[in-house]
Structure formats: structure tokens, C-alpha cells
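Notes follow the structure.
We did not get these values from a lab; they are worked out from the coordinates using the rules stated. Please read all numbers here as calculations on a predicted model, not as lab measurements. Methodologically, a virtual Cβ is constructed for each residue, glycine included, from the backbone with ideal geometry; neighbour enumeration extends over all protein chains shown.
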Amino acid sequence: MAVSSSHMRFTFECRSDPDFSSPPPACDNLRRRNLRPAAGSAAVFHGLSSSLILRFPPNFQRQLSTKARRNCSNIGVAQIVAASWSNNNANSPAAGAPPPAAASSVDAAPVPLPVDIAADEDVVVPAGAAENGAVQLKHSSYSSFLKSDASKTIHAAERLGRGIVTDAITTPVVNTSAYFFEKTSDLIDFKENRHVSYEYGRYGNPTTVVLEEKISALEGAESTVIMASGMCASIVMMMALIPAGGHLVTTTDCYRKTRIFIEAVLPKMGITATVIDPADYGGLESALEQNNVSLFFTESPTNPFLRCVDIKLVSELCRRKGTVFCVDGTFATPLNQKGLALGADLVLHSLTKYMGGHHDVLGGCISGSVKLVSQVRTLHHILGGTLNPNAAYLFIRGMKTLHLRVQQQNSTGMRMAEILEAHPKVKRVYYPGLPSHPEHELAKRQMTGFGGVVSFEIDGDLETTIKFIDSLKIPYIAASFGGCESIVDQPAILSYWDLPQSERAKYKIHDNLVRFSFGVEDFEDLKADVLQALEAI
């Protein structure tokens, strides 16, 4: 999570204003929400006997308690705090004294910042507040009562710590490309790290920060950075962590565009690579011994054969040599596999797949320690590849059903893999949940579910496989996976058609290979559809 101070001090400037006939409704909200004075303080919230409107100093609203911001209007907070201090403050503006300039709507404009998720933040007016106008924020963690990933997908970074002023249940979309400073001294304070703020849309956005913190909560990560696509995240991560002339280790089975970048682009920077089988730990040890390896990057499960890497073992091997280990957990999701808890330094996801879950938005992320993620984030801010806040909103929305969708897809994937493996017209099935899978025992140790993607080979040639796919009625013939709708593709055509058959065979991409991503449709409907398509060949 982002680190923030638990002790903040604010000064206020007030002006006289006509009396209000009754306290604002926000008073009741604050009483219900435990906006309270500290022990020994003379400040007590009550009706407005002397009505003052608080003139917000720059950035007050973004730093006020999350709970107060969530449940009170800007003016409501100002009226209550100002009235309380005024009634107990001997230093209130003297009668007849010229009032300060009136507050403007700009002063109260909320520009939220990344904040720690907190379950029970209270605004505490400490002793002496009447003299110095200080507010102290008291933070506590939500983790004591949000134990389940299912609950975190819904509430993490939102109900319990959203840095956006709103009573809305859903997180608002903050559509802005830049953020203003009230005066030049505020900008200088920001540049010299005395003041926290946003600056430019490429460097951060309140809606995107909610998504980053939600993913961090699921992964158990200190920090997460979001980018415009999974491929963007992979490229920026490699460029940030591998120096010119450095060395990378990766695995044979992987997303083809990742392989192309490693083979065709990285050599232009003098970066070399060793490619090993996902289970070749001896090969990994040799590569680590013979080269100054900066990064070991692998998927687990891999694409499209769903091979699994022993994350705990690999992390130990890499740690001995000071090599960063990043695992792409897109096929697993944070619900089925906790890469960081198993020992990986970084976990990468194509959010486009299971996390978004609705085939309507592109995105990628990297989670891990603040130290490593900051290195990636710094280069990301230079290169761009920023996720639009509207896309961040779609991911936040999609993730609220992640646990429900993954549960259904785990179940369907397992049951369909068993049916396919037993069918006479299916030559071979690749699925970590099956005992026939080469890393089945490993998958059982480090995964809690095996996902909704099943790869298999039809007992036939290219044309027979095309006939099977074209006979299906429910799934779409398309790229991607992990969404609500089932998707099927023939990798030899969809991803490798530009290569001759002999070249495709080097990667074991045979003409009869099928990758089937099961959605959340009814299992019996999917089963019937697959069986009738097999009967058609």
C-alpha cells in the first residue's frame, strides 16, 4: 500500500457569515461517524452559535480523514469544524476586524490522493487545537476484518479508503489530464517533497489509484502500477529492470508477442536471453551461474500449454544470485495463486483477461515491493502507456465479481477437462488440474484453483480441427480469454498463421491444437455444445 503519514496538521482561515437557523445535516453524520475531540480537548461539536465558514487552505480536502470526506459535504465539514473552534477559541477573529477573503469554490475543490486503506479513521481534534488549529488523523487497518479475497475484490480501496470525496457506492471517474496548484509556493513545496499532490495525468489519477490499491490488497503487495495493456506492462518492466548489455532468462512456452520482443527488440539494446523449459531448474541454475542475470520472467501457468513453474524453488535460486523474479499470473489470477507469497519479487497481470472479465477493456499491472515497482513506475511515467480513468473504472467494476466468475470458471474448466480427456476424438488435454499434466502435483501445492482455460488436441488435422471449432455454437472464435463469454481459438491460425507449419512445430503449436476459454455460461449448455461439435467431426 502507499505509505502515508498518520499525523497531519492543518491551519485554517475563517470569515464571519450570517447565522444559520439550524445546524447542517452533516453534523449528525459526523456524530454518527465518530468525528470526535481528543481527550482533554475543549473542542466539542454542537449547534452553530457562531456561524463561520471555513476557508480551506490548499489541499485540505484531500488530506482530511477518509471517513469525514466520505460522509460530509465540503461546506458541512467546514461549518462544523469552524463552529467548534470558534466557540472555544479565544483567538477567534475580533469583532469588527476585517474578514479574510471569502472562500471560493476552487478552495474546496476535492482533488483526492492515494491514501492508506483504513477501516475506522477518525478525525481527532487534539488538546490545544483551539490555539493552533491542528487536526490529527488516526489511522487503523481494514485487514483485521476483511480476510477473504472475495470481500477485498468488492471493498478494498473503496468503502474503506477511497481517496475521492463522494457518498456514491461506486468509485467516480476523474476525467482530467492535469491538476492545478493554488499558488507557486504550493508547487515548490510539491517539487521539494513537502506537499503531496497529483501533477499530471500521466503520473497518476485518483480513479486509477483505487484500482492499484485494490490489486495490491489482493496480491498482498506493497505497491502496484497500472498500464495500458499487459504487453505494455511486460515491456516496461523488462526495460526498467534489465540494464543495457544485461541478461534475461525466460521459458519456452509463453505468449508469442513476449517472445518476439525478447528475441527481436531486446538484442538491439545489447540484452541477451536464455530460454529454458518451464521445469528445467538445472538449466536455470546454469544460466544464473554463467551470466549476470538481471531478471527471470515467466508465466505460470503458461500460454497455451498451462505449464507451471515452481515459484518457491525458482525464487530461492534467483535470490542467491540477486536476480529479480517476475511471474506472469494472468492465467491464475490472484485468487488461484499468490505469487508474491510464494516468493516471487513481482507479479504481472494482463488485466484484460480475468480481472476485467467482460471483454471490454485493456490493461496491465505489476505488483510487488515499493522499491521494485517504483523503478518500473519511473520508466512508465517517461514512456507513457497510461491507463485511461474510464478503463480503470471498468476494471474496478469488473473485479467486484472476480471471485464469483473465477469460482464458476474453475469448476467448468475442471469438469470439461475431464470430459475432453475421456473423449475418443480428443488426442491430448493440457490442464493443471488433471493428473496427466506434467506439473499437476506442483499446481496442487501452489494453486487453489486451475482456471477456466483448457487446451487440447483434436484427433485429426487442420481441417478436422477447423470443422470442430466451426461446429461450436456458444463460444466466440476470438483472441483473449477469461471473460464472461466463452472463447475458442486455434493457435496455429490465430497466433502463428504467419509461420510455416514446420516453424510452428518448433513451438509445439500443431494444427490440431485448440485453446478453449470457458466463460460463466451454464455448464450443461457448454458440455452439450462441445460434445455435439466433437460428434460433427
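Per-residue 3J(HN,Hα) values for region 316-329, derived from phi via the Karplus relation 6.51 cos²θ - 1.76 cosθ + 1.60 with θ = phi - 60°, read 5, 5, 5, 5, 4, 9, x, 8, 6, 10, 10, 10, 7, x Hz in sequence order (x marks Gly and Pro). Rounded to the nearest 20, the Cβ-based charge dipole of region 227-333 about its Cα centre (Lys and Arg +1, Asp and Glu -1) stands at 280 debye.
Each principal axis of region 433-537 carries a Cα extent, and these read 38, 32, 23 Å when sorted largest first. Here region 439-537 is treated with +1 on each Lys and Arg Cβ and -1 on each Asp and Glu Cβ, and its dipole about the Cα centre works out to around 400 debye. Sequentially through region 506-511, phi angles give Karplus couplings (6.51, -1.76, 1.60; θ = phi - 60°) of 4, 9, 6, 8, 7, 5 Hz, Gly and Pro residues having no value and appearing as x.
In this structure, the pairs whose alpha-carbon distance is over 23 Å, taken from Lys214/Lys353; Lys268/Lys312; Lys147/Lys400; Lys214/Lys321; Lys312/Lys353; Lys338/Lys527, are Lys268/Lys312; Lys214/Lys321; Lys312/Lys353; Lys338/Lys527. Once you sort the root eigenvalues of the Cα gyration tensor of region 306-359 as a ≥ b ≥ c, which label holds: rounded (a/c under 1.5), prolate (a/b larger than b/c) or oblate (the other case)? It is prolate, given that a/c is not under 1.5 and a/b is the larger ratio.
Where both bridge residues fall in region 160-306, DSSP classifies roughly 10% of the beta bridges as antiparallel.
When the convex hull of the Cα atoms of region 403-465 is projected onto a plane and the area is averaged over all directions, what value comes out in nm²? Don't jump to the answer; show the numbers that get you there.
Numbers: hull surface 18.6 nm².
With the hull built on Cα positions only, its mean projection is 4.6 nm².
Taking every Cα-Cα distance in region 372-434 and sorting them into 10 Å bins starting at zero, the pair-distance distribution P(r) comes out as 17, 23, 22, 23, 13, 1 percent.
Size descriptors for region 241-342 (Cα atoms only): Rg and Dmax, in that order, 12.9, 38 Å. Computed over region 177-336, the range of Cα coordinates on each principal axis works out to 60, 36, 29 Å, biggest value leading. Using only the Cα atoms of region 289-406, build the gyration tensor, take square roots of its eigenvalues as a ≥ b ≥ c, and label the shape rounded, prolate or oblate: rounded if a/c is under 1.5, else prolate if a/b is larger than b/c, else oblate. Oblate, because a/c is 1.5 or more while a/b does not exceed b/c. Under the criterion of Cα pairs below 8 Å and six or more residues apart, the relative contact order for region 177-237 equals 22 percent.
Charging the Cβ of each Asp and Glu at -1 and of each Lys and Arg at +1, and nothing else, the dipole of region 179-273 about its Cα centre rounds to 460 debye.
The value of relative contact order for region 408-526, using C-alpha pairs under 8 Å at least six residues apart, is 27 percent. Dipole orientation for region 157-274: of the candidates Gly201, Ala233, Val249, Val249 has the Cα lying most toward the positive pole (charges on Cβ; Lys, Arg +1; Asp, Glu -1). With contacts taken as Cα pairs under 8 Å and at least 6 residues apart, region 282-383 reaches a relative contact order of 20 percent. Scoring 325-335, 401-411, 217-227 by mean Cβ neighbours within 10 Å over their residues and listing the highest first yields 325-335, 217-227, 401-411.
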